[in-house]
Amino acid sequence: MSRLNINLFLCQVTTAVGIIFPALTSTVLAEPLALANANDSANSVFQQMVRYQSLVQRTAEEPKTAGEVPARLRRQMVNFPTSEMSGSIVIDTSNTYLYYVLGGGKAIRYGIGVGRDGFRWSGVKSVAKKAEWPDWIPPAEMLARQPYLPRFMAGGDGNPLGARAIYLGGTIYRIHGTNQPSTIGGRVSSGCIRMANADVIDLYGRVQVGTKVVVLPDQSPTPDLRARIKSTSVSASLAAVRVRTSSLR
């Protein structure tokens, strides 16, 4: 293979990857592939492809920018007096926080997404398994509700479990990443706990199989109560407007 052919080949590879993985293009182009020498073309091309694969993996592992979630939901160390042992996890469903207990009245607090109405739960569980870039196999309960879902999805950027999954024993639920950081702080899942990919990677490195996970009861208003509160608030606002209007007559 001539030097010209090798150069054309590498250009075609870079262009193709830019089309398939546009989010990675800027990172890859910042570290261009070296051109192969004509005398060792086969080995050189192979080495460049291995190097490129490494760049792709490293880019996938990079944390998302902090600006993608509100300040209160960003990872931070906080005061957290608790009787739970250091190394355990406490999930505050009502306020969409997950705490990794450090001990001494301190914890690392992460913003999370929780189950939508009818899918929130509480209890004490433990970590049964951990997986990096996990495959997704929707449980039977989810398929019954949403039969159009795929039966299997390989791990990767498009996978709804994100970069890491921490499986909770005795349940169909997981603490996992998400490629939709805008859902952090929301109530949108089928019971799983969502975290930004950068945060779940951080938590994954701290927890072990067997780690205790305490999911606190949800104290947020029910849909009916929220509707009543909204209705009362609207009625009060209208009453205030009527009072102000009558005072002007």
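Where a number appears in this text, it was derived from the coordinates with a stated rule and is not lab data. What you are looking at is a predicted structure, and each value in this text was computed from that prediction instead of being measured. Neighbour counts are summed over all protein chains in view; Cβ atoms, including those assigned to glycine, are modelled from backbone coordinates with ideal geometry.
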I'm a student and want to see the number: the projected area of the Cα convex hull of segment 67-220, averaged over all directions, in nm².
8.7
Taking the Cβ-Cβ separation of Arg151 and Phe119 as r and a Förster radius of 22 Å, what is the calculated FRET efficiency to the nearest 0.05?
0.55
With label points set 7 Å from each Cα along the Cα-to-Cβ direction at Arg206 and Glu141, the distance between them in nm comes to 2.7
5 Å is the cut-off here: which amide hydrogens, built 1.01 Å from N in the peptide plane, fall below it relative to Leu102, excluding neighbours closer than 5 in sequence?
Gly87, Ala107, Ile108
